[in-house]
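The next block holds one structure in the form of C-alpha cells; read it before the comments.
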Amino acid sequence: MIQEKMMANGTRWLFWGWLIVVLVLNVVPLGNETNRSLSGNKIFQFRMDYVVHSLTFLVFAWIWVLGKIKDVCWFESYEVLKFGGIIFVSAMGIELLQIFVPYRTFNPMDMMANIFGAILTMLCVFVSHRLHRLHR
C-alpha cells in the first residue's frame, strides 16, 4: 500500500517535473548555434524545431499512460478535462511567455506545434482513459 502510494506520487512528480523542464527550456536562452541548428534542419519541409515542440508535449501522453498503469488518480473529478486543460494552457502559455522574455522571440508557428502536440496527447489520454475504464 505504501509502496503503491509512493509510486503514484513519483508519477505525479514526473508530470510536474516535466512541465517545469519544458518551461525552463522555453525561457532559458539556448544559444545561437542551437537555435540555428533546430531552425535550419528540415524534415519533410518542416523545421526540426516544430517537431521538437510537438514531441515535447507528447511526452505528457506517456506520463498519463504510466500513471494509469500505476493506478494514479490525477485529479479527484474531471480527471481528463483537468489534465488536458493543464496541457493546453501550458502549450499556449509557454510560447506566449516568450513575448515577455527579452532574449526570446514569440513564434505563432511554435505555438501551433505545441498545440498539435497537446492535441495528440489528448487523443492518447482519451483512448487510454476509455480503455482503463473498460478494464476496471
Quiz item: Taking θ as phi - 60°, what are the ³J(HN,Hα) couplings along the range 64-80 by the Karplus curve (6.51, -1.76, 1.60), each to the nearest whole Hz, with x for Gly and Pro?
Solution: 4, 4, 4, x, 5, 4, 8, 6, 7, 9, 5, 9, 5, 9, 6, 4, 5
Practice problem: Under 1.5 on a/c is rounded, so check that first for the range 68-136, then, if it is not, pick prolate when a/b is larger than b/c and oblate when it is not; a ≥ b ≥ c are the square roots of the alpha carbon gyration tensor eigenvalues. | Solution: prolate
Quiz item: How do Trp18, Trp74, Trp13, Trp64 rank when sorted from fewest to most other Cβ atoms within 10 Å of their own Cβ?
Solution: Trp13, Trp18, Trp74, Trp64
Quiz item: Each residue of the range 11-16 in order: what ³J(HN,Hα) in whole Hz does its phi give by Karplus 6.51 cos²θ - 1.76 cosθ + 1.60, θ = phi - 60°, with x for Gly and Pro?
Solution: 5, 4, 4, 4, 4, 5
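Here, each number is a calculation from the coordinates, and none is a lab measurement. Model, not experiment: these values are computed from the prediction. Here Cβ is always computed from backbone atoms with ideal geometry, including for glycine, and neighbour counts include all displayed protein chains.
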